[in-house]
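The values are calculated or read from the model by the stated rules, or taken from the named source; none is laboratory data. The structure presented is a predicted model; accordingly, all values stated were derived computationally and were not measured. Methodologically, a virtual Cβ is constructed for each residue, glycine included, from the backbone with ideal geometry; neighbour enumeration extends over all protein chains shown. Only protein heavy atoms, including side chains, enter the accessible area calculation; ligands, DNA and RNA are left aside. Shrake-Rupley method; radii C 1.70, N 1.55, O 1.52, S 1.80 Å.
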Amino acid sequence: MPFWRRRRDEPPQPEVDEPVDPSLVDPDWEPDPADFGDLDDGMPVEPLTPTDPLLPFEPEPPTRLTIEMPAPVPVEPPPTPSWAEPVRDEPAPTVDSEAALEHGLERTRGNFMSRLRTFLGTGTGEGPSWEDVEETLIAGDVGAALAIDLVERARSRREPGGPVAAVRAELAALLVPRDPDWSPQAAVSGGPAVILVVGVNGTGKTTTIGKLAWHLHETLGQTVLLGAADTFRAAAVEQLEEWARRAGCEFVKGPPNSDPGSVAFDAVKRGRELGVDVVIVDTAGRLHTQDDLMAELAKIRRVIERQMADAPHETLLTVDATTGQNGLRQAKLFSEAVPVDGIVLTKLDGTAKGGIALAIAGELGIPVKLIGIGESLEDLRPFDPDDFARALLDVS
């Protein structure tokens, strides 16, 4: 059917020729081109152009886009934590102990004690303002009960230097009776001294252990083993292991999330096998209000005692001096859970009050054995009451 007779929606039908009988076809026949007529039938034929869709498709070359990327922004590497700093091979520099202590207490001397001097009288002829002195002591973290008692005793004293000397004498009396010559001592001859370190997270507990191990090894020449029983805080084991490497100490750890008591047991056992002088056991930081975790400390002590009689020989509590009276409450509740033999007062250089050392000594009767007055290794030192009173109160 010619295409002009078909409907637009009707598909083209193939033309079917009638069958031809082969017997009627001459075997010598050849097709004559004239039989097919004029190919163009008189119709004009337009030449094919390059844009004709009937030509074979030739894809165009891809368009290349040039995108200018912004210059990369330099990213500074994160600061290296103090416990991961490179090991210093050279010997520690000689530090003026008294000058370093005065520098560490500079904020307290410039705030807390200067206000006391103002209210006690500065030679203007006016008498001391005892109520303001009492309020200053309370604001300086000495504590209300202790401040009231201290002011009453100072008012009754008759010092040649007047009220200032009287208050200085009372403050110094809270500290001077303490023994400054502290060092770890084992109860059993031939066995290591076992120290259990406890405290709230953030008080500098693990850092204190690392610095203490360094001092025992470098200053006293003792061999030390650290036990990583803080198995809950992220990176606590790795942090303590780096400190052990820096201090040249032995190190004992357990599998991740292992029982702290088992790690403490293994640490004491390993310390006895190696014959080290001191074993220091780190514990998980805990809030003093968490009864279950506080009870776990008593369990750790019992486990250590089963490995070695009379151990641990000392339990040290780290207290952040910047927490003030909350640190005093921590010391009270920790001492109720386990016997606390001494306080490590950290970050003393970061507070403008400083009365927490007086409060702990006056209200709890627990000696402050170590103080931290800076970030360097030399800034953790044994607490000398006489030096502390002299630096804090300017006592000659």
Apart from one, (1) in a helix (DSSP H, G or I); (2) modelled with pLDDT under 90; (3) in contact with a strand residue (DSSP E or B) (Cβ under 7 Å, 6 or more places away or on another chain); (4) hydrophobic (A, V, I, L, M, F, W, C) all hold for L293; the odd one out is (3)
Considering (1) within 22 Å of L297 (Cβ to Cβ); (2) open to solvent by less than 40 Å² (accessible area, probe 1.4 Å); (3) modelled with pLDDT under 90, say which one A247 fails and leave the rest.
-> (1)
Counting just the residues of segment 132-168 that are at positive phi and either in a loop (DSSP other than H, G, I, E, B) or modelled with pLDDT of 85 or more (or both), which one comes out surrounded by the most Cβ atoms within 10 Å (Cβ to Cβ)?
-> D141
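Could you say whether any residue in segment 213-221 is part of a helix (DSSP H, G or I), open to solvent by less than 20 Å² (accessible area, probe 1.4 Å) and out of contact with any Asp or Glu (no Cβ under 6 Å at 6 or more places or on another chain)? Break it down into steps so the answer makes sense when it comes.
Of segment 213-221, the ones part of a helix (DSSP H, G or I) are 213-218.
Within this subset, residues satisfying the condition of being open to solvent by less than 20 Å² (accessible area, probe 1.4 Å) are 213, 216.
Narrowing the set further to residues that are out of contact with any Asp or Glu (no Cβ under 6 Å at 6 or more places or on another chain) leaves 213, 216.
Within segment 213-221 (the criterion being part of a helix (DSSP H, G or I), open to solvent by less than 20 Å² (accessible area, probe 1.4 Å) and out of contact with any Asp or Glu (no Cβ under 6 Å at 6 or more places or on another chain)), the answer is yes, since at least one residue qualifies.
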Residues of segment 341-365 that turn out to be of a type outside the set (D, E, K, R), part of a loop (DSSP other than H, G, I, E, B) and in contact (Cβ under 8 Å) with a residue 40 or more places away in the chain, as a count = 4
Residue list for segment 300-322, filter: assigned to a loop (DSSP other than H, G, I, E, B) and either open to solvent by 20 Å² or more (accessible area, probe 1.4 Å) or at pLDDT 90 or above (or both) | A309, D310, H313
Residue count for segment 100-131, restricted to those that are at pLDDT 80 or above and open to solvent by 50 Å² or more (accessible area, probe 1.4 Å) = 1
Can you give me the number of residues within segment 325-375 that are of a type in the set (G, A, S), more than 19 Å from L297 (Cβ to Cβ) and crowded, with 20+ Cβ neighbours inside 10 Å?
-> 7
Checking E238 against (1) surrounded by 15 or more Cβ atoms within 10 Å (Cβ to Cβ); (2) of a type in the set (D, E, K, R); (3) assigned to a helix (DSSP H, G or I), which test does it fail?
-> (1)
Pick from V237, V279, V224, V263: which is under 21 Å from the mean Cα position of the chain (by Cα) and β-branched (V, I, T)?
-> V237
Could you tell me whether any residue of segment 373-382 is modelled with pLDDT of 80 or more and more than 21 Å from the chain's Cα centre (by Cα)?
-> yes
Of the conditions (1) in contact with a Pro (Cβ under 9 Å, 6 or more places away or on another chain); (2) surrounded by fewer than 22 Cβ atoms within 10 Å (Cβ to Cβ); (3) within 21 Å of V200 (Cβ to Cβ); (4) not hydrophobic (A, V, I, L, M, F, W, C), G261 fails just one. Which one is it?
-> (1)
